[in-house]
Amino acid sequence: MIKAILKSGMLLLVFTMVSILFVSWTQDTTQEKIQYNEEQLLIKRLAELVSNYDNDILKEKYDQVLTLHGIKQTIGIYPAKRNGQTFAYLVEHTYPNGYNGSIRLLTGISVDETLLGVRVVAHKETPGLGDKIETRKSDWIKQFTGLSLSNPTQDNWKVKRDGGVFEAFTGATITPRAIVTASYQVLELFNKKSLLIKAK
């Protein structure tokens, strides 16, 4: 009887140890894959916003811890250079108030404070509604290219439902409102030169 109990206990222990090792291995492998996929998506988004640079934009990235969109966050800044001169910055930041949570964005801004464009890096918005902020779903987000703090005027940096000039999606206002607000606020921060302290 005792032998049977010990045998069962040993088998259970071995099974538990093997399960723990398998779960740990799976998590490590999955984490590496997720990180790789996120990096590849970021590289793709960078290329969509700026392509005519000759520096190693990923290696020259620097971080700033600043308050943006009402929260203190680490903002990644990628300087785009040509012949040693910076002509644009790509700013990776998080807007916390999407419909289903935070939206990770990459915003390209030229040194003359004009938007090169806005792209989504990660989000949890509703499939079929809020996910139209993705370029593979819609061209909606491409309308920000060429805009600035004064174009349109501050009062018009809103979705039409709020009295502004930006269209919202049918059945989804919160997500477009989030992108419009985030874009304007990052332009404001850029205008204050806060993002450029470490830039050379």
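The values are calculated or read from the model by the stated rules, or taken from the named source; none is laboratory data. Remember, predicted model here, so these are calculated numbers, not experimental data. Glycine also receives a Cβ, built like all others from the backbone with ideal geometry; neighbour counts cover every protein chain displayed.
Here region 159-200 is the region considered, the condition is being in a loop (DSSP other than H, G, I, E, B) and in contact with a Pro (Cβ under 9 Å, 6 or more places away or on another chain), and the residue that is farthest from residue 98 (Cα to Cα) is 200.
Starting from residues that are basic (Lys, Arg) and surrounded by 15 or more Cβ atoms within 10 Å (Cβ to Cβ), keep the ones in region 116-134 and report whichever is farthest from residue 173 (Cα to Cα). That would be 119. Can you tell me which residues in region 74-106 are farther than 18 Å from residue 141 by Cα, surrounded by 19 or more Cβ atoms within 10 Å (Cβ to Cβ) and not aliphatic (A, V, I, L, M)? Residues satisfying the conditions are 78, 79, 89. One residue alone among 32, 38 is among the acidic types (Asp, Glu), more than 15 Å from the chain's Cα centre (by Cα), at pLDDT below 85 and part of a helix (DSSP H, G or I), and that residue is 32. Within region 49-108, the set of residues being in a strand (DSSP E or B), β-branched (Val, Ile, Thr) and out of contact with any Pro (no Cβ under 7 Å at 6 or more places or on another chain) comprises 65, 67, 74, 75, 77, 91, 94, 103, 107.
Cβ-Cβ distances below 7 Å connect the following pairs, each with a first residue in region 150-161 that is in the same structural domain as residue 172 (by TED's automatic domain parsing), a second residue that is part of a loop (DSSP other than H, G, I, E, B) and charged (D, E, K, R), and a separation of six or more residues or different chains: 160/167.
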